[in-house]
Amino acid sequence: MSKRLIVGLLLAAALALAACGDTQDDAPQPAPQQAPAQQQEQAQPEPQTTASEQDPLKIGLLLDFSGGLAHFCAEMRLGVELAIKHLNDAGGVFGRPVELIIADTKLEPLLGVEEARRLVEVEGVHAIVGALSSAVTLPVAESVSAPSSIPQIAMGTSPQLSIADDDDFLFRTTLSDISQAPVLAKLIRDRGFSNVGVIYRDDPWGQGFAEALDTAWDGQIELVPIDPTGFSFLSELQHSARNGAEALVLLAFTVESEVILREAIEHEVYEQFVFGPVGRSISLLNAVGVEYLADMHGTGPIPSPPTDSSRAWAADFEAEYGRSVAEPYVKEAYDAVIALALAAQTAGSSEGAAIRDQLRNIGAAPGEVVMAGAAGVARGLELAAEGVELDYQGAAVTVDWDEHGDLSRGYVGIWRFTPESEIELVEAVPFGQ
């Protein structure tokens with residue numbers, strides 16, 4: 001056997017042993033033998049910066065892209081991507097780029113938990129934005145975000161989120177339905193109804209809203225839960241109207257709402273409807289028909305009345321996408337991303353608890369006012385890096401959070417479907433002002 005062959009075999013064996021050693025990180029390793037100077041120079045790895053200097057700040061977007069809220073979530077994604085662009089155009093967070101990683105819950109709580117775990121354990125996200133569905137948000141917060149110490153900012157509105165076992169890692173950029181239910185109750189009365197049937201989703205959002213409405217309402221009411229996976233809801237409709245209800249209050253998502261409304265109209269169970277927040281949908285109006293829904297009213301959380309901050313954001317959105325925003329919750333999703341980034345910049349850390357601990361500080365007075373939009377975000381990052389206290393007045397709301405992670409103030413909107421197949425804001429009702 002030649003010397004060249006022997007050397008080759010020895011080198012191959014050494015490489016194989018090295019590869020095996022890489023799979024046993026916890027085992028003690030023998031001290032390496034000194035190699036010739038030329039070989040050392042060739043094997044020397046490139047200099048590396050630390051993770052905090054090189055790795056991106058990762059934000060997971062957990063939304064319901066293929067479920068009953070898909071039409072909302074597709075638009076919300078645009079708001080989130082605009083936030084990421086504004087952050088990266090400004091140089092990122094403490095010099096690191098911000099990376100968005102997307103997960104689809106398909107409006108299924110178990111899948112939502114699995115996808116949240118993937119975001120945290122596989123993708124290594126530092127924070128989560130979402131979900132929109134309270135039924136998904138609640139188990140994600142209690143099973144994933146809190147145990148992993150990952151801050152989560154959701155857009156769900158169920159009162160049950162206020163009492164979640166989330167170790168203070170769950171926040172939201174929409175008002176709780178506790179604030180909305182009295183407005184809806186007053187709207188029902190102002191529309192001339194004293195006896196109503198209520199159909200609600202049998203999930204944390206529907207249950208919480210129905211309970212809050214029952215508390216706020218002083219007339220006759222028949223509350224009927226539904227399984228949203230059903231194909232027909234005629235028996236539930238008839239049950240809700242059994243005591244002479246004058247109108248149907250619908251607390252359901254778009255997919256089942258379309259079926260419920262068609263059955264109510266075709267079987268002449270109801271002619272008058274009042275909607276909760278998810279009913280505020282052009283796709284629902286078009287599917288059922290404006291001839292049936294024109295002048296029907298509803299309520300829902302809305303952004304604050306126009307401010308310099310919201311105007312700057314709207315101009316940036318239109319410049320980026322060539323149109324104005326078409327669905328609710330888009331500004332709220334944008335604000336969630338920016339709040340997390342400003343909190344991380346203020347903390348000087350991507351560690352979850354450090355970000356969480358700064359969220360209340362960056363959104364409440366006193367502090368230097370920071371606006372939404374590219375210029376405002378760049379200024380906010382600069383001020384946070386200098387240690388200046390911030391008061392982020394977002395595209396939708398001022399993110400002033402209470403001890404439960406709920407917004408301390410905001411607005412509930414009263415809206416209606418118009419005969420021109422549009423949605424008109426009738427009134428903005430302040431909360432906590």
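Things to note:
- Residue within segment 202-214 that is among the aromatic types (Phe, Trp, Tyr), over 19 Å from Arg416 (Cα atoms), buried (at least 18 other Cβ atoms within 10 Å of the Cβ) and not assigned by TED's automatic domain parsing to the domain that holds Ala70 present: yes
- When Pro306 is tested against (1) surrounded by fewer than 20 Cβ atoms within 10 Å (Cβ to Cβ); (2) farther than 22 Å from Val412 by Cβ, only condition (2) is not met.
- Val388 being farther than 21 Å from Ala319 by Cα, touching a residue at least 12 places away in the same chain (Cβ under 8 Å) and not in a strand (DSSP E or B): yes
- Number of positions in segment 369-403 that are of a type outside the set (A, V, I, L, M, F, W, C) and surrounded by fewer than 17 Cβ atoms within 10 Å (Cβ to Cβ): 6
- Flag for Val113 being touching a residue at least 24 places away in the same chain (Cβ under 8 Å), surrounded by 21 or more Cβ atoms within 10 Å (Cβ to Cβ), touching a helix residue (DSSP H, G or I) at 6+ places or on another chain (Cβ under 9 Å) and not charged (D, E, K, R): no
- Subset of segment 126-150 [touching an Asp or Glu at 6+ places or on another chain (Cβ under 9 Å) and either of a type in the set (Gly, Ala, Ser) or part of a loop (DSSP other than H, G, I, E, B) (or both)]: His126, Gly130, Ala131, Leu132, Ser133, Ser134, Ala135, Ala141, Ser145, Ala146, Ser148, Ser149
- Considering only residues in segment 306-343 that are in a helix (DSSP H, G or I) and of a type in the set (Val, Ile, Thr), the one that is farthest from Leu383 (Cα to Cα) turns out to be Val330.
- Any chance Asp316 is of a type in the set (Asp, Glu), buried (at least 24 other Cβ atoms within 10 Å of the Cβ) and farther than 27 Å from Val224 by Cβ: no
- The lone criterion from (1) surrounded by 23 or more Cβ atoms within 10 Å (Cβ to Cβ); (2) assigned to a loop (DSSP other than H, G, I, E, B) left unmet by Asp218 is number (1).
The values are calculated or read from the model by the stated rules, or taken from the named source; none is laboratory data. No experiment lies behind these values; they were computed from the predicted model shown. So basically every Cβ, Gly included, is an ideal-geometry build from the backbone, and we count neighbours across all protein chains shown.
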